[in-house]
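Here is the structure we will look at, set down as structure tokens.
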Amino acid sequence: MSFLHFAQTPPMGWNSWDCYGASVTEAEVIAHADFMAEHLKAYGWEYVVVDIQWSEPEAKSTRYNDFYPLCMDDYSRLIPAENRFPSAKDGAGFKKLGDYLHQKGLKFGIHIMRGIPRQAVHQNTPIKGTDKRARDIAMNSICPWNSDMYGVDVSLPEGQLYYDSLLELYASWGVDFIKVDDIGDSKIYGDAHKAEIKAIRRAIDRSGREIVLSLSPGPAALKNGSFFQNHANMWRLTDDFWDHWDALYAMFDRAAEWAPFVRPGNWPDCDMLPLGHIGIRAVDGGGGDSWTRFTEDEQYLLMSLWTIFQSPLMFGGTLPDIDPFTLRLLTNTEVLEMYRRIHTKKEFYRDQEWIIWEALSDTAVYYAIFNVSDQTQTIPKSIAALLPIKSGTELWQQKEQTIADAEVPTHGVRLLKGSI
């Protein structure tokens, strides 16, 4: 079966980075899984993703402890830190945590860094399935913002064997989703690490398990669009996305240019949703322990753009203390129906103050009318005249809306459903 069948609709879930940085614990993951199973699973939310540094015992926030000893098995593969993930004791890895999520009807994801651990190379530890050792396959291709890994020379059969052994391990844990970092874009090396992307794709295919492959960070280069489609399910269109209007406004450009590459199994990724309660320990990008800095209207705009573009939806805030407004954003059945059923989408119109997106399903047409100006405005009759529908159901307000002269708040949206 082709890997494109792994994600027929865009993946939806929760990722630990925005609120816990590098330091999430097993208890926190379980609390979020319990909430998702009870309150969100029925709406399509299913992935629970443990982000970066799960093998580091002393991780505290988004700041990495350079050269800190990581937990590693006998074959140069990182394993969970038992003080943070107690069920990993006695060599169990993430198997018990994965089983817990699966029993809840959810799917389990992890973050990994491209490459082989630096400490494995320094200690020259074994590679499973070969007499070669870590130093034999390592490349001086190092992430500029994390000191943990060397690159892997996958032109050597043993380099591929190393990635094969990783995916064999992850499959045994029941992993359903892997976010691979320092691979989708490299400012130092000038491009995606394509050889290692290919190696990871082969390793997933050989693992015998359906595992969604997500590539980070961005911005992904448009020239690599077909390459990404042929090797990954998701790839990031931006560096870490946080709750700033300028970053949100910039996403219109990226969504417009990447829309032709969206298809079942391939979902260009606008990054996580920094909504609700974020920054509990991820103090660098999110501005500290706080609630999102986006206004409510900006949150409607964000969710409208992500859904009409069909970006994956990975919630970044905490779930157990979610507020009613944010929960309503995540559980609007009409918006989520649009999100899953549209098959064609594009930027329809743009000027300095208005951006309009159009999308089609088999039974409906949708228009997202975005006011990107700094003041509340009514939709001009000249713009309303461009649309083939004159009114529709506004999906966030759940009421009929005439388009001409409809008021749209600053940095707000009207998301309309009409009949074909």
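The values are calculated or read from the model by the stated rules, or taken from the named source; none is laboratory data. Everything numeric in this text was worked out from a predicted model, so none of it was measured. Here the Cβ positions follow ideal geometry from the backbone for every residue, glycine too, while neighbour counts run over all protein chains shown. Ligands, DNA and RNA are stripped out before the accessible areas are found, and what is left, the full protein with its side chains, is counted by its heavy atoms. Shrake-Rupley method; radii C 1.70, N 1.55, O 1.52, S 1.80 Å.
Spelling out what I want: for every residue of region 200-212, take phi, set θ = phi - 60°, compute 6.51 cos²θ - 1.76 cosθ + 1.60 (Karplus), and round to whole Hz; glycine and proline get x.
These are the phi-based 3J(HN,Hα) values: 5, 4, 4, 5, 4, 4, 7, 6, x, 10, 7, 10, 5 Hz.
For region 377-388, just list the computed ³J(HN,Hα) in residue order, Karplus coefficients 6.51, -1.76 and 1.60, θ = phi - 60°, integers in Hz, with x standing in for Gly and Pro.
Going residue by residue, I get 9, 8, 5, x, 4, 5, 7, 4, 5, 6, 8, x Hz, with x marking Gly and Pro.
In Å², what does the accessible area per residue of the chain work out to with a 1.4 Å probe?
Dividing the accessible area of the chain by its residue count gives 38 Å².
So what J values fall out for region 305-310 if you push phi through Karplus, 6.51 cos²θ - 1.76 cosθ + 1.60 with θ = phi - 60°, rounded to Hz, Gly and Pro as x?
5, 4, 7, 6, 7, 6
Of all chymotrypsin sites (Phe, Trp or Tyr not before Pro) in region 93-181, which ones are in loop regions per DSSP and have a Cβ with at most 11 other Cβ atoms within 10 Å?
Trp145
Would you pull out the residues with amide H under 5 Å of Cys143's amide H, same chain only if 5 or more places away, H placed 1.01 Å from N?
Close amide H contacts, sequence-distant or interchain: Met149.
In what sequence, largest accessible area first, do Arg350, Arg201 appear using a 1.4 Å probe?
The ordering from most to least exposed comes out as Arg350, Arg201.
Normalised by the empirical 2.2 N^0.38 Å for globular proteins, what value does the Cα Rg of the chain take?
1.00
Show me the GluC sites (Glu not before Pro) within region 1-102 that DSSP assigns to loop and that have at most 16 other Cβ atoms within 10 Å of their Cβ.
Glu58, Glu82
Residues in region 96-121, backbone N under 20 Å from the label point at Lys187 (7 Å along the Cα-to-beta-carbon vector): list them, ranges by number please.
It comes to 113-114, nothing else.
Grab the Cα-Cα distance for Thr333 and Gln397, subtract it from 0.36 nm times how many residues apart they are, and report the gain in nm with one decimal.
21.8 nm
Only sites in a loop by DSSP and with at most 14 other Cβ atoms within 10 Å count here; which chymotrypsin sites (Phe, Trp or Tyr not before Pro) in region 353-393 make the cut?
none
Taking amide H positions as placed in the peptide plane 1.01 Å from N, state which residues far from Val212 in sequence (5 or more) or on other chains have amide H under 5 Å from it.
Phe177, Ile178
Tell me the volume per residue, in Å³, of the convex hull enclosing the alpha carbons of region 344-417.
79
Which value at 222 nm does the chain reach when only helices count, each DSSP H run of 4 or more adding -39,500 (n - 2.57), with the total divided by all residues and rounded to the nearest 500 deg cm²/dmol?
-8000 deg cm²/dmol
Compute the FRET efficiency between Ile389 and Asp34 as 1/(1 + (r/R0)^6), taking r as their Cβ-Cβ distance and R0 = 35 Å, and round to the nearest 0.05.
Numbers: r = 42 Å, r/R0 = 1.21.
Efficiency for this residue pair is about 0.25.
5 Å is the cut-off here: which amide hydrogens, built 1.01 Å from N in the peptide plane, fall below it relative to Phe348, excluding neighbours closer than 5 in sequence?
Ile356, Trp357, Glu358
Which value in Å is the Kirkwood Rh of region 213-304 over different Cα pairs?
Mean inverse Cα-Cα distance, inverted, gives 14.0 Å.
Once the principal axes of the Cα atoms of region 143-242 are found, what is the range along each, listed largest first in whole angstroms?
Taking max minus min along each principal axis of the Cα atoms, region 143-242 gives 33, 26, 25 Å.
Do the alpha carbons of any pairs in Lys187/Lys223; Lys346/Lys417; Lys194/Lys346; Lys41/Lys107; Lys95/Lys179 sit beyond 20 Å of each other, and which pairs?
Long pairs (Cα-Cα over 20 Å): Lys194/Lys346.
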